[in-house]
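Worksheet: one structure, shown below.
The values are calculated or read from the model by the stated rules, or taken from the named source; none is laboratory data. This is a predicted model, so every value here is computed, not measured. As a convention, Cβ positions derive from the backbone with ideal geometry for all residues, glycine included, and neighbour counts pool all protein chains shown.
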C-alpha cells in the first residue's frame, strides 16, 4: 500500500463513525461475519478433505457466502456492465481488501492475492481451500509460478481476477499497471476485462499505514457502505503493452466518472 494523502470529497460527506453507536454496529457486524467465516471455511475444508478440491463446488459456495457477508456489512453495490461468462482475465483498480469480495459476488473467478493475506487468521486458510492464488510480489520466482498457475486455471475454462497496480491507493486514477497478466492474455489468446470500482467516500479506502481493525470500525460502523462497480467490454490483442494502455485508459475514465457521480449525491449519505 502507498502513503498518499487522502483528499476530502466536497459533497458526498462521510458519516460520523466516531461514536459509541457506530462502533457497536461495526463490532456486532464483525462478530456475525466472523461466525459466517468459520462456517464457510469449515465447509470448504471438510469438502476438500473428503473429496479433494473441487472448483465447481467451491466457487458457488464462496459466492453464496459473499452475498451473505455483504448484506451483514451493509454494503450496497451499483453495477454497470455485464461480466462475460467465458474464461478471461479480470483486471481492476485497487482501493481496499473489500474489492475482490465485491467482484466475486457476481463473477466466478480465481483471484490472485498478495502473500500477506495468506497469514490472516481464517481468511488465509479459507482462501487456499477456495482456490485463491497467493503471490510474493517482491519474488521473481513467486511471480513466475503464479503466472503458470493462472495459465492452468484459464486452460481449465475458468477466469482469473488480478489487480495489476499491485497495491491499494486513493489516487483519482490508476497507478502504472504491471504487465504480467496482459502478456498471459496475449499468449493464451484470451481477453482482458477491465473493471473499475469506487466507494461512496474516499475514507472507505484502505491504504497507507491504515490497519485492519480501525478501518473496519470506520467503514462498517456506518449504516451503509455505497459502492459503484463497472465492467468494461473485453479487449484483446497481440501486444501486452497496448492492452495494458487500453485497460488503464478505460479504468481512469470510469474511476473519474464514478467519483464525480458520488460527489453529486449528498442525499446518499446516511446518518446514525
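For segment 115-154, the tally of residues that are without any contact (Cβ under 8 Å) to a residue 40 or more places away in the chain, part of a helix (DSSP H, G or I) and surrounded by fewer than 20 Cβ atoms within 10 Å (Cβ to Cβ) stands at 18.
Here residue 31 meets the list (1) surrounded by 14 or more Cβ atoms within 10 Å (Cβ to Cβ); (2) modelled with pLDDT of 95 or more; (3) more than 18 Å from residue 158 (Cα to Cα) almost entirely, failing just condition (1). Of the helices (runs of 4 or more DSSP H) lying entirely inside segment 168-272, those containing at least 1 residues that are closer than 30 Å to residue 151 by Cβ, out of contact with any strand residue (DSSP E or B) (no Cβ under 8 Å at 6 or more places or on another chain) and in contact (Cβ under 8 Å) with a residue 24 or more places away in the chain span 180-188, 240-263.
Does residue 264 fit the bill of being modelled with pLDDT under 95 and buried (at least 21 other Cβ atoms within 10 Å of the Cβ)? Against the criterion (modelled with pLDDT under 95 and buried (at least 21 other Cβ atoms within 10 Å of the Cβ)), residue 264 does not qualify.
Just to be sure, is residue 83 more than 20 Å from residue 174 (Cα to Cα), in contact with a helix residue (DSSP H, G or I) (Cβ under 9 Å, 6 or more places away or on another chain), outside any helix (DSSP H, G or I) and at pLDDT below 95? Answer is yes for this residue. When 42, 109, 26 are checked against the criterion of being at negative phi, touching a residue at least 40 places away in the same chain (Cβ under 8 Å) and more than 16 Å from the chain's Cα centre (by Cα), 26 stands alone in meeting it. Exactly one residue out of 38, 112, 101 is at pLDDT 90 or above, in contact with a helix residue (DSSP H, G or I) (Cβ under 8 Å, 6 or more places away or on another chain) and part of a helix (DSSP H, G or I), and it is 101.
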